[in-house]
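See structure below.
The values are calculated or read from the model by the stated rules, or taken from the named source; none is laboratory data. If you're wondering where the values come from, they're calculated on a predicted model, not measured in any experiment. FYI the Cβ positions are ideal-geometry reconstructions off the backbone, even for glycines, and counts take in every protein chain you see. Accessible surface is based on the protein model in full, side chains and every heavy atom, while ligands, DNA and RNA are left aside. Shrake-Rupley method; radii C 1.70, N 1.55, O 1.52, S 1.80 Å.
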Amino acid sequence: MATMAGRLLLLLLLAVAGLLAVFMTEHEVLAKGSDEHDDNVYQVSKGGQGSLKNYQCSPQCSRRCANTQYKKPCLFFCNKCCNTCLCVPSGYYGNKGECPCYNNWKTKRGGPKCP
(Lines give C-alpha, C1' and ligand atoms only; values in the text may rest on other atoms or scores of the structure.)
Protein backbone atom coordinates (compact mmCIF):
# COMPACT_ATOMS: atom_id res chain seq x y z
CA MET A 1 0.00 0.00 0.00
CA ALA A 2 2.96 2.32 0.65
CA THR A 3 4.14 2.02 -2.96
CA MET A 4 0.64 2.78 -4.23
CA ALA A 5 0.49 5.92 -2.05
CA GLY A 6 3.99 6.88 -3.23
CA ARG A 7 3.00 6.50 -6.87
CA LEU A 8 -0.18 8.49 -6.34
CA LEU A 9 1.78 11.26 -4.62
CA LEU A 10 4.34 11.28 -7.46
CA LEU A 11 1.55 11.46 -10.05
CA LEU A 12 -0.07 14.35 -8.16
CA LEU A 13 3.23 16.24 -7.97
CA LEU A 14 3.82 15.77 -11.70
CA ALA A 15 0.32 17.06 -12.48
CA VAL A 16 0.87 20.16 -10.32
CA ALA A 17 4.30 20.76 -11.91
CA GLY A 18 2.74 20.48 -15.38
CA LEU A 19 0.02 22.97 -14.53
CA LEU A 20 2.58 25.38 -13.11
CA ALA A 21 4.71 25.09 -16.26
CA VAL A 22 1.69 25.86 -18.46
CA PHE A 23 0.70 28.82 -16.28
CA MET A 24 4.23 30.26 -16.26
CA THR A 25 4.60 29.90 -20.03
CA GLU A 26 1.22 31.55 -20.65
CA HIS A 27 2.07 34.37 -18.26
CA GLU A 28 5.45 34.93 -19.96
CA VAL A 29 3.87 35.14 -23.43
CA LEU A 30 1.30 37.67 -22.22
CA ALA A 31 4.01 39.76 -20.55
CA LYS A 32 6.24 39.83 -23.63
CA GLY A 33 3.59 39.93 -26.35
CA SER A 34 3.69 37.63 -29.31
CA ASP A 35 6.35 37.96 -32.01
CA GLU A 36 3.85 38.51 -34.82
CA HIS A 37 2.65 41.78 -33.23
CA ASP A 38 5.98 43.24 -32.06
CA ASP A 39 5.29 46.55 -33.82
CA ASN A 40 2.21 47.00 -31.65
CA VAL A 41 4.42 47.22 -28.58
CA TYR A 42 5.44 50.66 -29.77
CA GLN A 43 1.99 52.08 -30.34
CA VAL A 44 1.00 55.22 -28.55
CA SER A 45 -0.74 53.45 -25.71
CA LYS A 46 2.68 52.20 -24.62
CA GLY A 47 4.49 55.51 -24.53
CA GLY A 48 3.33 58.47 -26.58
CA GLN A 49 5.83 60.79 -28.21
CA GLY A 50 9.08 59.05 -29.11
CA SER A 51 7.67 55.57 -28.62
CA LEU A 52 8.08 54.52 -32.28
CA LYS A 53 11.18 53.76 -34.30
CA ASN A 54 11.58 55.43 -37.73
CA TYR A 55 10.96 52.16 -39.56
CA GLN A 56 7.59 51.80 -37.80
CA CYS A 57 6.19 55.09 -39.14
CA SER A 58 5.12 53.79 -42.54
CA PRO A 59 2.95 50.90 -41.27
CA GLN A 60 1.45 53.05 -38.50
CA CYS A 61 0.60 55.82 -40.99
CA SER A 62 -0.90 53.26 -43.38
CA ARG A 63 -3.14 52.17 -40.50
CA ARG A 64 -3.98 55.77 -39.58
CA CYS A 65 -4.79 56.79 -43.18
CA ALA A 66 -6.63 53.60 -44.18
CA ASN A 67 -10.13 55.13 -44.12
CA THR A 68 -9.49 58.50 -45.75
CA GLN A 69 -10.38 59.42 -49.31
CA TYR A 70 -7.23 61.62 -49.40
CA LYS A 71 -4.73 58.80 -48.94
CA LYS A 72 -1.64 60.37 -50.62
CA PRO A 73 -1.60 63.64 -48.64
CA CYS A 74 -2.57 61.81 -45.47
CA LEU A 75 0.34 59.38 -45.83
CA PHE A 76 2.77 62.16 -46.78
CA PHE A 77 1.99 64.36 -43.78
CA CYS A 78 1.53 61.47 -41.37
CA ASN A 79 4.98 60.12 -42.26
CA LYS A 80 6.49 63.60 -42.01
CA CYS A 81 4.96 64.08 -38.57
CA CYS A 82 5.84 60.57 -37.41
CA ASN A 83 9.48 60.92 -38.47
CA THR A 84 9.73 64.08 -36.39
CA CYS A 85 7.55 63.11 -33.40
CA LEU A 86 8.10 59.30 -33.50
CA CYS A 87 4.44 58.89 -32.63
CA VAL A 88 1.14 58.20 -34.44
CA PRO A 89 -2.15 58.47 -32.53
CA SER A 90 -4.35 55.41 -32.30
CA GLY A 91 -7.42 55.10 -34.50
CA TYR A 92 -8.19 56.57 -37.91
CA TYR A 93 -9.11 60.06 -36.70
CA GLY A 94 -8.72 62.14 -33.57
CA ASN A 95 -6.90 60.91 -30.45
CA LYS A 96 -4.17 63.48 -31.15
CA GLY A 97 -3.84 64.20 -27.44
CA GLU A 98 -1.86 60.97 -27.22
CA CYS A 99 0.98 62.64 -29.19
CA PRO A 100 1.57 66.25 -28.08
CA CYS A 101 4.15 66.94 -30.83
CA TYR A 102 1.84 65.47 -33.47
CA ASN A 103 -1.08 67.47 -32.07
CA ASN A 104 0.70 70.82 -31.71
CA TRP A 105 2.43 70.95 -35.10
CA LYS A 106 0.44 73.54 -37.10
CA THR A 107 0.48 74.87 -40.66
CA LYS A 108 1.30 78.51 -41.47
CA ARG A 109 -2.44 79.19 -41.34
CA GLY A 110 -2.75 77.64 -37.89
CA GLY A 111 -4.49 74.45 -38.96
CA PRO A 112 -3.31 70.98 -37.98
CA LYS A 113 -0.31 69.76 -39.96
CA CYS A 114 -0.60 66.12 -38.93
CA PRO A 115 -3.60 63.97 -39.90
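Can you list the helices (runs of 4 or more DSSP H) found entirely within segment 1-87 that contain at least 2 residues being at pLDDT below 75 and over 23 Å from the mean Cα position of the chain (by Cα)?
The helices (runs of 4 or more DSSP H) meeting that bar are 2-32.
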> Residues of segment 95-110 being in a loop (DSSP other than H, G, I, E, B) and open to solvent by less than 20 Å² (accessible area, probe 1.4 Å), which ones?
Replying inline: Cys99
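Working only within segment 93-106, note down all residues that are among the hydroxyl-bearing types (Ser, Thr, Tyr) and either touching a Cys at 6+ places or on another chain (Cβ under 8 Å) or at pLDDT 90 or above (or both).
Tyr102
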> Of all residues in segment 63-82, which are farther than 13 Å from Trp105 by Cα and open to solvent by 60 Å² or more (accessible area, probe 1.4 Å)?
Replying inline: Arg63, Asn67, Gln69, Tyr70, Lys71, Lys72, Pro73, Phe76
